[in-house]
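Working notes, structure below.
The values are calculated or read from the model by the stated rules, or taken from the named source; none is laboratory data. Not measured: the values here are computed from a predicted model. All Cβ positions, glycine included, derive from the backbone under ideal geometry; neighbour counts span all protein chains shown. Just so you know, the surface numbers come from the protein's heavy atoms only, side chains and all, with ligands and any DNA or RNA stripped out. Shrake-Rupley method; radii C 1.70, N 1.55, O 1.52, S 1.80 Å.
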Amino acid sequence: LIYDSFAQYMVAEKGYDKDLLTLAPDSLDFCCKGLVLDIEEGNFLKLAEDGTVLRASHGTKSMTSEEILETYGRKEWKHFNTVSGMVSRSAKYYLYDNYFDLPGALLCARVVDSLDQHNRQKKYDFWKDMVAAVQHNYKITAFKEDCGTYFPEVKNNPDKYLQRYPESVKKWLKQLKSAGKILLLITSSHSDYCRLLCEHIIGNDFEEYFDIVITNALKPGFFSHTPNQRPFRTLENDEEQEALLSLDKPGWYSQGNATQLYELLKKMTGKLDPKVVYFGDSMHSDIFPARHYSNWETVLILEELLGDKVAVPAEAESEPLEKKGKYEGDQFKPPYFVSKQWGSFFMDRLPGLENAEETLVHTWSCKCIGTYSTIAIPSLEAIAGLPLDYRFTRFSLNNSATAGYYPSPPRALLPNEESVTMK
């Protein structure tokens with residue numbers, strides 16, 4: 001649906017090739033989190049932790065090891081320094097780090113293919129049209145105006161696109177609240193879409209689960225901007241009202257900033273430095289800024305852990321049953337699959353010449369997980385059955401690189417595993 005919502009706009013409004021509207025089922029294999037689009041070159045890159053290029057494609061077409069070495073060499077990619085600072089968006093590259101963005105990667109790759117059919121470009125300039133397609137479908141008034149393809153379709157067929165919360169997760173949220181925790185919901189979606197989602201996946205009583213709801217939070221700016229740059233606003237009938245000078249009580253707000261939110265949390269808890277644990281699925285919008293600017297504990301929801309048959313570490317086997325999370329490898333029908341074109345999200349080999357010895361390295365995405373998240377889990381369901389005082393092993397400098405993955409590390413990172421298929 002996300003792919004269609006962009007493609008229809010590009011074809012109807014910007015005159016791109018109608019072929020973009022049809023998708024071969026296997027073309028979704030191209031979608032892989034952690035890719036960077038080098039916009040002017042029309043190339044997609046998978047980066048190693050040191051910024052060198054592990055795999056690349058021009059449009060949808062994979063580049064050979066020789067082509068990668070010829071184009072990018074064995075050195076850090078030219079924009080790596082800025083992309084790894086993660087603060088800036090740029091007109092030169094785009095980082096695909098969450099599933100909401102990802103179908104856009106496939107569309108951009110096919111746009112490059114289509115432009116090349118006519119004549120190979122020196123530099124590509126389709127990006128402004130892509131941004132316009134995103135704006136058209138997701139601007140703040142789009143839901144209310146039935147604008148674009150995305151919102152009207154989700155409104156009409158919510159069951160087709162949304163999965164309801166498992167009871168275990170709802171119970172867990174209630175337990176947290178009963179234990180005196182303050183629960184926040186912070187989303188960059190506008191209030192009308194947020195309400196549709198939450199009513200559908202949690203229930204009409206979803207507001208009772210949260211003390212504070214913040215919509216149109218415009219992350220990562222929510223964390224990086226000052227109160228003056230991004231004040232909180234109240235809402236009436238989903239319309240934003242005047243800016244607030246401070247945040248005085250729990251409730252539902254729009255926009256805002258982490259600084260004033262933290263002041264409110266101090267007031268509500270009576271503590272000088274209340275601890276915040278923030279769950280998110282985007283490294284760029286959630287995990288990095290919450291850690292970097294607010295120094296919150298961060299839990300990365302990493303569906304890639306589902307793409308792995310879970311190997312349970314020996315110490316977990318000996319725990320009493322009630323201490324284990326309700327995480328059984330089989331009860332998940334993973335939405336997640338390992339891309340044949342891009343390989344493992346966590347590890348890959350350096351591109352070399354045919355007979356060179358293979359060197360396995362961590363991907364840049366993998367390094368970011370250990371650097372910015374406290375722990376990484378495949379879903380909320382994986383921890384909802386645990387006691388609230390369960391002690392997780394966190395990622396840290398003195399723990400092993402795999403310590404923070406719960407319930408177990410991805411197989412690709414375990415020693416002596418032949419599980420990373422090297423094609």
> At a Förster distance of 30 Å, what's the computed FRET efficiency of Y390 paired with R164, Cβ-Cβ distance as r, to 0.05?
Replying inline: 0.75
> What percentage of the solvent-accessible surface of region 162-274, computed with a 1.4 Å probe over protein heavy atoms, is contributed by carbon and sulfur atoms?
Replying inline: 48
> Considering only the chain, what is the antiparallel percent among its DSSP beta bridges, to the nearest 5?
Replying inline: 60
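Express the relative contact order of region 1-155 as a whole percentage, based on alpha carbon pairs under 8 Å and six or more residues apart in sequence.
31
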> Using r as the Cβ-Cβ distance of E67 and L197, and R0 as 41 Å, what FRET efficiency do you calculate, to the nearest 0.05?
Replying inline: 0.45
> Counting only the heavy atoms of the protein chains, how much of I201 is accessible to a 1.4 Å probe, in Å² to the nearest 10?
Replying inline: 40
> Based on Cα positions only, what radius of gyration and what Dmax would you give for region 162-274, in angstroms?
Replying inline: 14.4, 40
>> If I require 18 Å or longer along the helix axis, counting alpha carbons, and a Kyte-Doolittle average no lower than 0.0, what helices from the chain are left? Use full DSSP H segments.
In response: 103-118
> Taking only DSSP H segments of four or more residues, each worth -39500 (n - 2.57), what value at 222 nm results for the chain once the sum is divided by all its residues, to the nearest 500 deg cm²/dmol?
Replying inline: -8500 deg cm²/dmol
> What FRET efficiency, computed as 1/(1 + (r/R0)^6) with R0 = 25 Å and r the Cβ-Cβ distance, is obtained for K92 and D19, rounded to the nearest 0.05?
Replying inline: 0.40
> Over the chain, what per residue volume does the convex hull of the Cα atoms give, in whole Å³?
Replying inline: 160
> By a straight-distance test (C-alpha under 18 Å), which aspartates and glutamates pair with K122 as possible cross-link partners, with residues fewer than eight away in the same chain excluded?
Replying inline: D38, E40, E41, E67, E70, D113
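Need one word for region 1-155: rounded, prolate or oblate. Basis is the Cα gyration tensor (sqrt eigenvalues a ≥ b ≥ c); a/c below 1.5 gives rounded, then a/b vs b/c decides.
The shape class here is prolate.
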> Could you state the number of Å between the C-alpha centres of region 363-383 and region 140-205?
Replying inline: 23
>> Test of understanding: what is the full-extension gain from W252 to N399, defined as 0.36 nm times their sequence separation minus their Cα-Cα distance?
In response: 49.0 nm
> When DSSP beta bridges are limited to those with both residues in region 162-274, what percentage is antiparallel, rounded to the nearest 5?
Replying inline: 40
> What ranking, highest mean first, results for peptides 133-143, 372-382 when packing means the other Cβ atoms within 10 Å averaged over each residue?
Replying inline: 372-382, 133-143
